[in-house]
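K.L.:
Input: one structure, supplied below.
The values are calculated or read from the model by the stated rules, or taken from the named source; none is laboratory data. Being a predicted model, the structure only gives us computed values, none of them experimental. Note that each Cβ is placed from the backbone with ideal geometry, even for glycine, and that neighbours are counted across all protein chains shown. The protein model used for the area step is the full one, side chains on, heavy atoms only, and it has no ligands, DNA or RNA in it. Shrake-Rupley method; radii C 1.70, N 1.55, O 1.52, S 1.80 Å.
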Amino acid sequence: MSEQIKIHLPDGSIREVPSGTTPLDIATSISPRLAAVVVVARIKALHAAAPASTTDETTSEDAMYAAHDAAAEKIVDLRHPLTEDVSLELLKETDPDALKVLRHSAAHVMATAITELYPEVKLGHGPATDSGFFYDIYREKPFTPDDLSAIEQRMADVVQRDEPFLRSYEPREQALADYAEHGEFMKQHFIEKFTQPGEEVSLYKNGAFTDFCRGPHVPSTGRVKAYKVTTIAGAYWLGDEKNPQLQRVYGTAFYNQKDLDAHFKHLEEIKARDHRVLGKQLDLFSIQELAGSGLIFWHPNGAIIRKTMEDWMRDECLRRGYDLVVTPHVMRRELWQISGHEGFYGQNMYAPMELDDAEYRLKPMNCPGHILIYKNSPKSYRDLPVRYAELGNVYRYERSGTMHGLLRVRGFTQDDAHIFCTPAQIEDEVVACVEFAEEVLHKFGFNEFKVELSTWDPNDAKHYVGDPKDWELAVNGLKTALNRKNIPYKEIPGEAAFYGPKIDVKLVDVLGRLWQLSTVQFDFNLPRRFELEYTGEDGEKHQPVMVHRALFGSVERFFGVLIEHYAGAFPLWLAPIQIGLVPISEKHTAYAETVKKELEAIGLRVTLDARNEKMNAKIRDLTLQKVPFVLIMGDKEAEAKAVSVRTRGKGDEGSTPLADFLARAKNLLETKAATL
RNA sequence: GCUGAUGUAGCUCAGUGGUAGAGCACUCCCUUGGUAAGGGAGAGGUCAUGGGUUCAAGCCCCAUCAUCAGCUCCA
């Protein structure tokens with residue numbers, strides 16, 4: 001151990017220390033105060049060979065456990081002995097990586113509490129998540145809310161004891177035997193999966209609690225200062241619904257109470273933006289138990305927004321060279337057999353219904369309908385590309401537990417289009433679709449998005465139609481288009497539609513959440529299945545290819561995301577009530593009526609609150625309805641033909657001539673401004 | 001579909017086996033007001049649905065439906 005190693009610190013200094021020195025030693029040597037606040041260390045080997053990448057095809061489960069070890073840069077315990085030249089960064093509580101470590105440690109603290117309270121449980125795994133941590137527990141009896149608070153209280157004891165997290169190693173066979181003896185089938189599985197025979201396995205021990213774990217951890221349980229056990233939910237062992245279900249106990253943790261409070265405040269904010277909550281408050285839509293779950297009723301306030309969105313979309317399609325079509329909701333079963341939907345998508349379709357001697361099925365997609373229109377008359381290469389667009393209502397069977405407000409429903413409207421073109425035209429058409437998608441997102445106030453390219457999984461070929469050569473061609477077509485637009489994208493194998501690969505545009509909302517909406521898909525299969533043709537320049541018959549695209553994706557889902565993005569405070573052009581009029585007393589109502597007429601004349605939706613109420617009450621009610629402009633008028637305004645303007649989010653702006661306000665509103669309306 | 005929780009007035013929610021409650025919203029009356037709630041009165045409920053236990057069920061038990069948090073699956 002007399003060998004010296006060099007430690008490079010972030011300030012550029014280099015320390016020469018004996019091998020085996022720990023980050024904690026170094027922190028202490030810098031300053032004892034630093035040692036007290038430091039939590040973990042980030043190190044990077046300076047000369048070592050690149051870490052051996054065991055295999056490229058890691059499952060998500062592998063990745064979950066391998067993440068730390070695979071990275072050239074890694075996070076280690078403060079007690080981790082350093083044995084080679086490294087760059088070392090001591091992480092304080094404020095580092096995001098340090099927070100992850102804390103949460104992982106909090107999961108151990110929770111597991112400690114749980115095993116103390118309920119010795120009969122078997123442990124699964126307990127990782128940190130984006131917003132906290134969980135631990136999967138197997139126990140015959142479900143945990144009750146009382147159990148959760150008992151667990152939380154016991155955690156306080158564990159924290160109080162301030163037990164150090166100590167790493168140790170044990171022969172694999174020994175660990176396996178120990179776990180087998182206690183019936184810890186999940187731990188056995190993890191050891192078998194993540195370690196090799198003959199290896200030593202890594203264990204972490206705090207007090208009497210030991211867990212198979214790669215770490216790293218904070219120095220001791222006392223560091224877990226602010227935490228909460230939040231909820232419990234079922235989770236399948238290894239994510240497979242054929243396996244037994246575990247109880248996943250969720251919690252979250254922070255280094256201090258202030259951050260924990262802020263976290264819950266943030267959750268409150270998210271809840272206040274919840275489209276289901278706002279949908280009720282603003283009377284936008286409802287779901288009726290009598291009608292069935294996953295089916296949306298658009299109330300007047302929601303329907304007027306929808307109309308505005310749809311009008312814009314139709315106009316935009318026409319402007320971009322699409323033709324509008326409308327196709328039926330139910331079509332004969334044979335059609336769905338030919339298209340392949342019955343075979344590849346049947347699980348998601350409503351059951352067939354019998355009418356006369358034929359069977360019909362509700363449409364889950366619009367493509368076959370558009371194909372029939374294409375086939376209805378012969379096409380020449382001069383006609384291509386043919387672009388059919390429809391706001392088509394589709395119905396898909398979703399399992400009962402999966403519905404979620406407007407975001408996951410059984411009946412919805414797709415702004416669907418199918419482009420029939422020659423192979424040579426694909427690239428231009430795909431580029432045009434992606435540009436159109438960008439325009440849609442910008443128009444509705446979303447400025448950030450991410451692009452994914454979903455390809456097939458050749459190992460799972462039975463879920464897809466077509467042969468590998470075509471798939472490769474199609475994927476390359478989409479890639480070329482994306483590259484031409486210089487759009488960065490992430491490739492995701494196994495996520496393609498059954499008939500072809502797709503480009504998914506995921507938008508990022510104002511809270512940074514990702515939503516899957518727009519999609520552009522390539523399809524060579526349906527043209528083949530329906531024997532589509534066009535006559536080429538050479539007079540011969542050729543087969544067109546198809547591009548499917550939906551930009552809102554689902555009008556329902558897009559609307560749901562829009563509600564959350566704007567927190568219900570829609571820009572003027574979309575707001576159901578655009579202007580609220582408040583006469584100060586009843587004697588000003590007549591003047592308000594004349595103002596209302598003038599505003600309506602330029603196409604504004606106006607509400608006049610003529611109730612027998614004080615103006616403050618009226619202002620409050622209109623404000624809670626998130627009306628963009630509230631115009632208040634009394635004697636002064638009536639005399640001067642003016643209005644007193646109250647702008648949403650800004651408040652009182654004082655009196656202004658009515659003509660000026662009309663010009664301002666007109667401008668916002670005509671430009672469809674994304675804010676106010 | 002699975003695990004757990006929840007379902008009471010239009011909305012938000014109290015109500016631990018003995019005559020269904022509050023606030024807001026609604027209707028009427030009084031009040032006629034300068035930038036987020038004026039005062040009073042009234043009306044409104046097969047306690048999700050269907051069974052069961054009990055002298056007695058909103059409350060306890062079973063089933064179904066729906067919602068919520070997850071899991072799984074997807075626009």
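K.L.:
Taking the condition loosely packed, with under 12 Cβ neighbours inside 10 Å, of a type outside the set (Phe, Trp, Tyr), in contact with a helix residue (DSSP H, G or I) (Cβ under 9 Å, 6 or more places away or on another chain) and farther than 22 Å from A:LEU562 by Cα, does A:ASN612 pass?
P.N.:
Criteria met by A:ASN612.
K.L.:
Under the condition of being part of a loop (DSSP other than H, G, I, E, B) and open to solvent by 50 Å² or more (accessible area, probe 1.4 Å), which residue from segment A:273-290 is nearest to RNA strand B (Cβ to nearest atom)?
P.N.:
Going through the qualifying residues, I end up with A:GLU289.
K.L.:
Got a sec? Which strands (runs of 3 or more DSSP E) wholly within segment A:431-539 have at least 3 residues that are closer than 30 Å to A:HIS266 by Cβ, open to solvent by less than 60 Å² (accessible area, probe 1.4 Å) and within 16 Å of RNA strand B (Cβ to nearest atom)?
P.N.:
Hits in segment A:431-539: A:448-455, A:502-508, A:514-523.
K.L.:
Pick from segment A:616-636 the residues that are near RNA strand B (Cβ under 6 Å from one of its atoms) and open to solvent by 60 Å² or more (accessible area, probe 1.4 Å): which of them is nearest to A:TYR591 (Cα to Cα)?
P.N.:
Only one residue fits best here, namely A:ASP635.
K.L.:
Give me the residue from segment A:139-170 that is open to solvent by less than 70 Å² (accessible area, probe 1.4 Å) and within 11 Å of RNA strand B (Cβ to nearest atom) and, out of that set, modelled with the lowest pLDDT.
P.N.:
Checking each candidate, the answer is A:THR144.
K.L.:
Answer with yes or no whether A:ALA63 is open to solvent by 70 Å² or more (accessible area, probe 1.4 Å), at pLDDT below 85 and small (Gly, Ala, Ser).
P.N.:
no
K.L.:
Could you grab me the full set of residues in segment A:637-650 that are open to solvent by 50 Å² or more (accessible area, probe 1.4 Å) and either near RNA strand B (Cβ under 7 Å from one of its atoms) or within 36 Å of the chain's Cα centre (by Cα) (or both)?
P.N.:
A:ARG646, A:ARG648, A:GLY649, A:LYS650
K.L.:
Restricted to segment A:291-318, and to residues that are open to solvent by 50 Å² or more (accessible area, probe 1.4 Å) and not aliphatic (A, V, I, L, M), which residue is nearest to RNA strand B (Cβ to nearest atom)?
P.N.:
Checking each candidate, the answer is A:SER293.
K.L.:
Report every pair of residues separated by at least 6 positions or lying on different chains whose Cβ atoms are under 6 Å apart, first residue within segment A:241-261 and more than 21 Å from A:ALA111 (Cα to Cα), second open to solvent by 50 Å² or more (accessible area, probe 1.4 Å) and assigned to a strand (DSSP E or B).
P.N.:
Between residues of segment A:241-261 that are more than 21 Å from A:ALA111 (Cα to Cα) and residues that are open to solvent by 50 Å² or more (accessible area, probe 1.4 Å) and assigned to a strand (DSSP E or B), the close pairs are A:ASN243/A:TYR236.
K.L.:
Next question. Scan segment A:233-250 and give yes if some residue there is in a helix (DSSP H, G or I) and in contact with a Pro (Cβ under 6 Å, 6 or more places away or on another chain), otherwise no.
P.N.:
Within segment A:233-250 (the criterion being in a helix (DSSP H, G or I) and in contact with a Pro (Cβ under 6 Å, 6 or more places away or on another chain)), the answer is yes, since at least one residue qualifies.
K.L.:
If I ask for residues that are assigned to a helix (DSSP H, G or I) and more than 33 Å from the chain's Cα centre (by Cα), which ones from segment A:338-369 would you list?
P.N.:
Across segment A:338-369, the qualifying residue is only A:ILE338.
K.L.:
Let me ask something else about it. State the number of residues belonging to segment A:390-414 that are closer than 18 Å to A:VAL330 by Cα, in contact (Cβ under 8 Å) with a residue 40 or more places away in the chain and part of a strand (DSSP E or B).
P.N.:
Number satisfying all stated conditions: 9.
K.L.:
Could you check segment A:220-247 and list, in sequence order, the residues that are under 30 Å from A:ARG167 (Cβ atoms) and within 9 Å of RNA strand B (Cβ to nearest atom)?
P.N.:
If the condition is that a residue be under 30 Å from A:ARG167 (Cβ atoms) and within 9 Å of RNA strand B (Cβ to nearest atom), then A:THR230, A:ILE232, A:ALA235, A:TRP237, A:LEU238, A:GLY239, A:LEU246, A:GLN247 are the ones that fit.
K.L.:
If A:LEU260 meets every condition in (1) assigned to a strand (DSSP E or B); (2) over 22 Å from the mean Cα position of the chain (by Cα) apart from one, which number is that one?
P.N.:
(1)
K.L.:
Given the structure, is A:GLY132 touching a Phe, Trp or Tyr at 6+ places or on another chain (Cβ under 6 Å) and either over 28 Å from A:LEU24 (Cα atoms) or surrounded by 15 or more Cβ atoms within 10 Å (Cβ to Cβ) (or both)?
P.N.:
So A:GLY132 fails the test.
K.L.:
Which residue out of A:LEU551, A:LEU532 is farther than 14 Å from A:ARG306 by Cβ, hydrophobic (A, V, I, L, M, F, W, C) and in contact with a Lys or Arg (Cβ under 9 Å, 6 or more places away or on another chain)?
P.N.:
Within the list A:LEU551, A:LEU532, the selection yields A:LEU532.
K.L.:
Select from segment A:81-120 the residues that are part of a helix (DSSP H, G or I) and hydrophobic (A, V, I, L, M, F, W, C) and list them in ascending order.
P.N.:
Answer for segment A:81-120, where residues must be part of a helix (DSSP H, G or I) and hydrophobic (A, V, I, L, M, F, W, C): A:ALA98, A:LEU99, A:VAL101, A:LEU102, A:ALA106, A:ALA107, A:VAL109, A:MET110, A:ALA111, A:ALA113, A:ILE114, A:LEU117.
K.L.:
Would you be able to tell me the number of residues in segment A:540-569 that are away from RNA strand B (no atom under 16 Å from the Cβ) and either at positive phi or open to solvent by 10 Å² or more (accessible area, probe 1.4 Å) (or both)?
P.N.:
The number of residues fulfilling the criteria is 5.
Yes/no per residue for (1) acidic (Asp, Glu); (2) modelled with pLDDT of 70 or more; (3) open to solvent by less than 70 Å² (accessible area, probe 1.4 Å):
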site	(1), (2), (3)
A:ARG15	no, yes, no
A:ARG33	no, yes, no
A:HIS47	no, no, no
A:ALA70	no, no, yes
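K.L.:
Just wondering, is there one or more residues in segment A:570-582 that are within 12 Å of RNA strand B (Cβ to nearest atom) and surrounded by fewer than 21 Cβ atoms within 10 Å (Cβ to Cβ)?
P.N.:
No, segment A:570-582 has no match at all.
K.L.:
I would also like to ask the following. Scanning for something of a type in the set (S, T, N, Q) and either at pLDDT 95 or above or under 18 Å from the mean Cα position of the chain (by Cα) (or both), does segment A:517-525 turn up at least one residue?
P.N.:
yes
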